[in-house]
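**Student:** Submitted below is the structure of interest, expressed as structure tokens.
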């Protein structure tokens, strides 16, 4: 039976911590944006739409987020019903509509960012920026390896 290498064991520990962190981030994010009528999942999708260089179909948003298309589609449909996003015609694909923020969606993103700044600054208090940059690079490398192996969400 194969044993984990020392780096393999360290990655395993890191993965478990990322899972725990993800759960805590979702709970904290839900509390943070609840006054805006959002959840962490909705906030994440709105953020992906806002950060995109141009309106994108749901499948592209899902790919960019590392999530499955069906889950993102469900959230986009909810956001559409509540007026945060709207669909536009896609000149490149008749059935894959483009998703865009509405004025209400832009206001919600701006309000979420205003709430997030003091929260994230407090969370970062006492941490070293170089350590955070290293952690980000390690997580990015692991994500890219998973994507290259075809484990990218859909």
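The values are calculated or read from the model by the stated rules, or taken from the named source; none is laboratory data. Treat the numbers as computed from the prediction; the structure is a model and nothing was measured. Cβ sites come from the backbone with ideal geometry, for glycine too, and all protein chains shown count toward neighbours.
**Student:** Considering only helices (runs of 4 or more DSSP H) fully contained in the range 39-118, which possess at least 2 residues that are more than 16 Å from the chain's Cα centre (by Cα), more than 30 Å from residue 142 (Cβ to Cβ) and at pLDDT below 95?
**Tutor:** none
**Student:** Using the structure shown, decide if residue 147 is outside any loop (DSSP other than H, G, I, E, B) and either more than 16 Å from the chain's Cα centre (by Cα) or at pLDDT 95 or above (or both).
**Tutor:** no
**Student:** Here's another thing I want to ask about it. Can you give me the number of residues within the range 102-126 that are touching a strand residue (DSSP E or B) at 6+ places or on another chain (Cβ under 6 Å) and in contact (Cβ under 8 Å) with a residue 40 or more places away in the chain?
**Tutor:** 1
**Student:** Hey, can you tell me all the residues within the range 45-59 that are crowded, with 18+ Cβ neighbours inside 10 Å and closer than 18 Å to residue 71 by Cα?
**Tutor:** Selection gives 45, 46, 48, 49, 56, 57, 58.
**Student:** Hey, another quick one. Test residue 126 against the criterion of being surrounded by 15 or more Cβ atoms within 10 Å (Cβ to Cβ) and modelled with pLDDT of 95 or more, and give yes or no.
**Tutor:** Answer is no for this residue.
**Student:** For the range 68-82, check the following and say yes or no: at least one residue is touching a helix residue (DSSP H, G or I) at 6+ places or on another chain (Cβ under 7 Å) and at positive phi.
**Tutor:** The answer is no, given that none of the residues of the range 68-82 is touching a helix residue (DSSP H, G or I) at 6+ places or on another chain (Cβ under 7 Å) and at positive phi.
**Student:** Among the numbered conditions (1) within 30 Å of residue 118 (Cβ to Cβ); (2) surrounded by fewer than 15 Cβ atoms within 10 Å (Cβ to Cβ); (3) without any contact (Cβ under 8 Å) to a residue 24 or more places away in the chain, tell me where residue 39 comes up short.
**Tutor:** (2)
**Student:** Return yes or no: is residue 13 part of a helix (DSSP H, G or I) and farther than 26 Å from residue 148 by Cα?
**Tutor:** Against the criterion (part of a helix (DSSP H, G or I) and farther than 26 Å from residue 148 by Cα), residue 13 does not qualify.
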